[in-house]
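Following this message is one structure expressed as structure tokens.
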Amino acid sequence: MIIEPGRAFGTGHHGTTEGCLVLLEEALAGTPGAATLDIGTGTGILAIAALKLGAASVLAIDVDPDAVSATQVNAGRNGCAGLTVRLAEPQEIPGRFPLVLANLLTHTHLALARQYARLVAPGGSLVLGGMLQDEDGRVSDALAGAGLVTRSRLALEGWASLRLEAPPA
């Protein structure tokens with residue numbers, strides 16, 4: 001994978017990204033060919049990895065125009081025709097996805113808990129990163145209140161990543 005961050009965050013060498021990549025692979029093993037939503041895509045690392053690991057398509061969104069531009073460039077460099085990039089917030093996205101990704105800070109995960117529950121399809125997975133190792137319990141608890149169950153936790157370099165599942169229909 002070739003990633004040029006430009007003015008956006010993310011080169012793939014941070015504990016948050018590495019944790020998400022491991023849990024992304026785990027999630028896709030259970031739902032190959034899943035349509036995927038990447039919230040706060042940054043440079044598109046998780047979106048590109050999802051396609052390379054077998055996702056059928058990925059919608060990558062960010063509120064930062066620099067991130068959208070960086071993701072478009074990186075998608076082209078990596079031959080990712082199945083990647084759509086939009087300047088958007090999660091509230092603007094209709095429908096549900098078998099796999100939702102978000103590598104954001106703890107306070108953002110807490111603020112988006114209801115949106116995550118709305119966006120993850122029944123039986124689908126949510127992969128989260130960007131939480132300090134001692135903060136992931138708050139995120140897990142908030143998402144349990146929204147109906148999502150924590151299935152995996154990975155801590156690397158003081159950062160935590162989680163894989164959660166929505167209840168089946």
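Run down V139, V120, V100 and say which single residue is closer than 18 Å to L21 by Cβ and open to solvent by less than 30 Å² (accessible area, probe 1.4 Å). Steps first, answer last, please.
Working: V139 fails: closer than 18 Å to L21 by Cβ; V120 fails: closer than 18 Å to L21 by Cβ.
Checking each option against the conditions leaves just V100.
Okay, moving on. Just one of the numbered conditions (1) at pLDDT 90 or above; (2) charged (D, E, K, R); (3) open to solvent by 60 Å² or more (accessible area, probe 1.4 Å) is not true of E4; which one?
Failed condition: (1).
Checking the structure you have, find out if any residue of region 106-113 is within 21 Å of L28 (Cβ to Cβ), small (G, A, S) and at pLDDT 95 or above.
Taking every residue of region 106-113 in turn, none turns out to be within 21 Å of L28 (Cβ to Cβ), small (G, A, S) and at pLDDT 95 or above.
Does T106 satisfy the criteria of being β-branched (V, I, T) and open to solvent by 40 Å² or more (accessible area, probe 1.4 Å)? So that I can check it myself, show each step before the final result.
Values: β-branched (V, I, T): yes; open to solvent by 40 Å² or more (accessible area, probe 1.4 Å): no.
Judged against the criteria, T106 is not a match.
Would it be correct to say that T41 is assigned to a helix (DSSP H, G or I) and among the polar types (S, T, N, Q)? Explain how you work it out, then say what you get.
Details: assigned to a helix (DSSP H, G or I): no; among the polar types (S, T, N, Q): yes.
Answer is no for this residue.
Separate question: Kindly provide the set of residues from region 49-68 that are free of Cβ contacts under 8 Å to residues at least 60 places away in the same chain, open to solvent by 30 Å² or more (accessible area, probe 1.4 Å) and in a helix (DSSP H, G or I), ordered by number.
L51, K52, P65 - these are the residues of region 49-68 that are free of Cβ contacts under 8 Å to residues at least 60 places away in the same chain, open to solvent by 30 Å² or more (accessible area, probe 1.4 Å) and in a helix (DSSP H, G or I).
If we only count strands (runs of 3 or more DSSP E) wholly inside region 69-169, which ones have 1 or more residues that are more than 21 Å from A35 (Cβ to Cβ)? Even if it seems obvious, please write down each step before you answer.
On the way: elements: 83-87, 97-103, 120-132, 149-156, 159-165.
It comes to 120-132, 149-156, 159-165.
Now a separate question. Select from region 123-136 the residues that are open to solvent by 40 Å² or more (accessible area, probe 1.4 Å) and among the aliphatic types (A, V, I, L, M) and list them in ascending order.
L132
Any residue in region 25-46 that's open to solvent by less than 40 Å² (accessible area, probe 1.4 Å): show its pairings with residues that are acidic (D, E) at Cβ separation under 6 Å, as long as the two are six or more apart or on different chains.
G40/D62; T41/D62; L46/D38
The values are calculated or read from the model by the stated rules, or taken from the named source; none is laboratory data. Since we're looking at a predicted model, the values are computed, not measured. Every residue, glycine as well, gets a Cβ built from its backbone with ideal geometry; the counts of neighbours run over all protein chains shown. What goes into the accessible areas is simple: the full protein's heavy atoms, side chains included, and nothing from ligands, DNA or RNA. Shrake-Rupley method; radii C 1.70, N 1.55, O 1.52, S 1.80 Å.
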